[in-house]
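The block underneath contains the structure these notes are about, expressed in structure tokens.
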């Protein structure tokens, strides 16, 4: 019994020490105040509005700030990581997306806008050239979009429990 108590105490100390070391190694991230879909009036009211690629191209170019996420798992955090998305058009006609985290360029990709229709519903999707970023992380800049002046939602598949990302236009 005494050996078990000593072993558990030693394990607890090592675990606590390991957690402390891991916390110290994680760099601090800049955080911004999170918003919910309720803060995006235009997006909420445009759910059934058909979208065409020409309409998307009028609004999508520029710099966007991540302001919120829609997920099936509730989040207690009121802060979002400082992620900016800069979208432009290349001379080849492809769209370019640059993702900045804490002001530092972390990912770049090209994509196409694709028109989709089913029965009388029309929507646009962002189709990236790669499913994973170069560092092996998940490419979340893909899926169907809703866009309004100053508001953008990229839906990775909310109907199937995947997240949707809410952006506000900076420039």
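Just so you know, all these numbers are worked out from the coordinates, no wet-lab data involved. From a predicted model like this one, the values you see are computed outputs, not experimental measurements. Because the Cβ atoms are built from the backbone with ideal geometry, glycine has one as well, and the counts that use them run over all protein chains shown.
Taking the number of Cβ atoms within 10 Å of each Cβ as an exposure proxy, the fewest-first ranking of 166, 96 is 96, 166. Rounded, prolate or oblate: which one fits region 60-117, using the alpha carbon gyration tensor with axes a ≥ b ≥ c (rounded when a/c is under 1.5, else prolate when a/b beats b/c, else oblate)? Verdict is oblate for region 60-117.
Would you list 167, 160 from fewest to most Cβ contacts within 10 Å?
Lowest to highest Cβ neighbour count: 160, 167.
Work out, step by step, the length gained on full extension between residue 36 and residue 135: first 0.36 nm times the residue separation, then minus their alpha carbon distance; give nm to one decimal. That pair, residue 36 and residue 135, stretches by 32.7 nm at full extension. Here the spin labels are modelled as points 7 Å beyond Cα on the Cα-Cβ line, and at residue 54 and residue 120 they lie 2.1 nm apart.
Once the Cα gyration tensor of region 59-160 is diagonalised, what are the square roots of 5 times its eigenvalues, in whole Å and ordered largest first, as equivalent ellipsoid semi-axes? Before the final figure, lay out each step's value.
On the way: eigenvalues 88, 76, 38 Å².
They are 21, 19, 14 Å, listed largest first.
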